[in-house]
1. Let's test the formula: R0 of 35 Å, r as the Cβ-Cβ distance of B:S65 and A:E15. What FRET efficiency results, to the nearest 0.05?
2. Using Cα springs under 10 Å in a Gaussian network model of chain B, which residue among B:G84, B:G96, B:G62 shows the largest mean-square fluctuation?
3. Count the lysine pairs in the protein assembly as shown whose Cα atoms sit under 25 Å apart, keeping only pairs 8 or more residues apart in sequence or on different chains.
4. With every protein chain present, what is the per residue accessible area of the protein assembly as shown (1.4 Å probe, Å²)?
5. Give the Rg/Rh ratio for chain A, taking Rg as the radius of gyration of the Cα atoms and Rh as the Kirkwood radius, to two decimals.
6. Carbon and sulfur atoms: what percent of the 1.4 Å accessible area of chain A do they account for?
7. Could you please report the charge total around B:Y49, scoring K, R as +1 and D, E as -1 over all other residues with beta-carbon less than 11 angstrom from its beta-carbon?
8. Could you tell me which residue out of B:Q17, B:L46, B:T5 lies farthest along the dipole of chain B toward its positive end? Charges go on the beta carbon: Lys and Arg +1, Asp and Glu -1, centred on the Cα centre.
Amino acid sequence: AQSVSQHNHHVILSEAASLELGCNYSYGGTVNLFWYVQYPGQHLQLLLKYFSGDPLVKGIKGFEAEFIKSKFSFNLRKPSVQWSDTAEYFCAVIMNRDDKIIFGKGTRLHILP
Amino acid sequence: KAGVTQTPRYLIKTRGQQVTLSCSPISGHRSVSWYQQTPGQGLQFLFEYFSETQRNKGNFPGRFSGRQFSNSRSEMNVSTLELGDSALYLCASSSGEGLTEAFFGQGTRLTVV
């Protein structure tokens, strides 16, 4: 079955640490990839997306993600996190052109001031 | 441009009752998707409506149903509520044409007691 896996359920980092959140999907065809963020008490917002082209995607707030097709991965990175990055992060994938979007279970990120 | 609006924001119901949740998509968007978010299962896709027709459906029992009106507003109904239906129900709208991102509402927090 098609699925999206986020291996880190809960991550705790200190400010200025580097961040990498993993996302893998199970599908061999064309995909479209998203990272969403949900800050405490707020609604889901799009961080970045990949449809085609350069596999290194820049998003808002200094986040970036790299699509590695051979590894079925779309990991989210940020070189230096801030306390305000405390939130839950969701990887999402559309695995067929008109198919539904499938979300990972989310990674809860807690940044220590 | 107004965002996705979900009403009500909070709801408390007792087991066995039914509930109707409402979602108004972004103006011009024709696709509305519904998700259930729980700490244990994460974000799970319920169904998607496009131009008043259900286009996709997740793996939820028949107690969960929805509909979409000609103005693209959508309602979701859950009958014979169970304690396990307690969750944040999110609505997302998109243009629905090909590959597009989804814009989420703030959700309706349903508590079943």
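The values are calculated or read from the model by the stated rules, or taken from the named source; none is laboratory data. In this text the structure is predicted, and so the values were computed from the model without any measurement. All Cβ positions, glycine included, derive from the backbone under ideal geometry; neighbour counts span all protein chains shown. For the accessible areas, the whole protein counts, side chains as well, though only heavy atoms, and no ligand, DNA or RNA atoms are used. Shrake-Rupley method; radii C 1.70, N 1.55, O 1.52, S 1.80 Å.
1. 0.15
2. B:G62
3. Close lysine pairs found across the protein assembly as shown: 29.
4. It amounts to 47 Å² per residue over the protein assembly as shown.
5. 0.96
6. Within chain A, the accessible surface is 53 percent carbon and sulfur.
7. Summing Lys and Arg as +1 and Asp and Glu as -1 gives +2.
8. Checked the options; the winner is B:Q17.
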